[in-house]
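*Asks:* The structure follows.
The numbers here are math on the coordinates, done by the rules we state, and not lab data. For clarity, every value in this text was computed on a predicted model and none was experimentally measured. Neighbour counts are summed over all protein chains in view; Cβ atoms, including those assigned to glycine, are modelled from backbone coordinates with ideal geometry.
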Amino acid sequence: MLYATGLTKSDLDKAQVGIASVWWEGNPCNMHLNDLAAHIREGVEASGLIGMRFNTIGVSDGISMGTRGMSFSLQSRDLIADSIETVMGGQWYDGLVTVPGCDKNMPGVMMAMARVNRPSLMVYGGTIKAGKAAGQTVDIISAFQSYGQYLAESINDEERQEIVLNACPGAGGCGGMYTANTMATAIEAMGMSLPYSASNPAVEQVKIDECVEAGKAVRRLLELDFKPRDIMTRAAFENAMVMVSVLGDRRMPSCTSLPLHVPQKSNSPLMISRRLAIEFL
């Protein structure tokens, strides 16, 4: 059956790497991830491996916020973990590269890596570029604040609409220290993504270069048989939490949802550290 996918006889002697993309069109955080997954595959195959892309689901917290749809956000984390584990288990790929973009994507792919425990790393989809409105730099925070400015009559409705229209100019995670950027930073500090993965913008050449380098990195992990549970130690989690603690300022602190995903403070068997049997209490 693998011959039908385009593999040759010599390809069957090569290690196979699953490339899990959290792509869908309806969210700027995720709409470019298939393109990044293609670049990862280029890097994987240039390193003498076989890359096999597959997809999982996601929910946009930013779009669902304030609606009943938000009740599906946290469960999407677990569905992401389950679906990646299912494909990796069923197909028995030798390694894994994940490409998440939005909030619950990151803990979802990390829980899958911890469960599967084969050589793995994460490539963050990257943050969005800032926009421009009335000659000023704007982002999603500007869009949130513009409504208050309008109510306070410091801007008119036309000016508010101009900010909203230009706050998110293209692909990438929300331009604030919300769950996506916070989790990406924590995961990089933990050692589960390449250096600068959390800060490389979504649509810059450096992000494409990172994707190609991920192929080389997963090859090295396979050669060393270096697995997620070798990397995600208690010290690595502590390093990640220290990093998150020092990020941001009073105007834009780091996301407070990190404890929902990282430390073992509930009875959920799906939290990252609990899956690794790391105790914090």
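*Asks:* If amide hydrogens are placed 1.01 Å from N in the peptide plane, which non-local residues have theirs closer than 5 Å to the one on Cys29?
*Replies:* Under 5 Å from the amide H of Cys29: Gly172.
*Asks:* Is the range 1-41 best put as rounded, prolate or oblate by its Cα gyration tensor, with a ≥ b ≥ c the root eigenvalues, rounded for a/c under 1.5, and otherwise prolate when a/b is larger than b/c, oblate when not?
*Replies:* prolate
*Asks:* With no solvent and one point on each alpha carbon, what is the Debye value of log10 I(q)/I(0) for the chain at q = 0.09, 0.14 Å⁻¹?
*Replies:* Ignoring solvent entirely, the Cα scatterers give -0.43, -0.97.
*Asks:* Now, a different point. Would you work out the charge dipole size for the chain about its Cα centre, treating the Cβ of every Lys and Arg as +1 and the Cβ of every Asp and Glu as -1, and quote it to the nearest 20 debye?
*Replies:* Computed charge dipole of the chain: roughly 720 debye.
*Asks:* Could you please rank Cys29, Cys168, placing first whichever residue has the fewest other Cβ atoms within 10 Å of its Cβ?
*Replies:* Cys168, Cys29
*Asks:* May I ask for the longest run of the chain untouched by trypsin sites (Lys or Arg not before Pro) that are loop-located per DSSP and have at most 10 neighbouring C-beta atoms (other than their own) within 10 Å?
*Replies:* Within the chain, the longest run free of exposed trypsin sites (Lys or Arg not before Pro) spans 10-249.
*Asks:* Here's a follow-up. Let me check against my output: what whole-number percent is the relative contact order of the chain, with C-alpha pairs under 8 Å and at least 6 apart?
*Replies:* 20
*Asks:* Tell me, what are the semi-axes, in whole angstrom and largest first, of the equivalent ellipsoid of the range 126-175 as set by the roots of 5 times the Cα gyration tensor eigenvalues? The partial results should precede the final answer.
*Replies:* Numbers: eigenvalues 83, 21, 10 Å².
With the √(5λ) rule applied to the range 126-175, the semi-axes are 20, 10, 7 Å.
*Asks:* Now a separate question. Full extension from Val212 to Glu45: what is 0.36 nm times the residue separation minus their Cα-Cα distance, to one decimal in nm?
*Replies:* Fully extending the segment from Val212 to Glu45 adds 59.2 nm.
*Asks:* Also, quick follow-up: For the chain, what is the mean residue ellipticity at 222 nm derived from helices alone (per DSSP H run of n ≥ 4: -39500 (n - 2.57); sum divided by total residues; nearest 500 deg cm²/dmol)? Walk me through the numbers before you get to the answer.
*Replies:* Working: 12 runs with 128 residues, N = 281.
Computed ellipticity for the chain at 222 nm equals -13500 deg cm²/dmol.
*Asks:* Oh, and also: Taking a ≥ b ≥ c as the square roots of the eigenvalues of the Cα gyration tensor of the range 1-144, is the shape rounded (a/c under 1.5), prolate (a/b larger than b/c) or oblate?
*Replies:* Because a/c hits 1.5 or more and a/b exceeds b/c, the range 1-144 counts as prolate.
*Asks:* By DSSP, what percent of the beta bridges with both residues in the chain are antiparallel, rounded to the nearest 5?
*Replies:* Beta bridges within the chain, antiparallel portion: roughly 20 percent.
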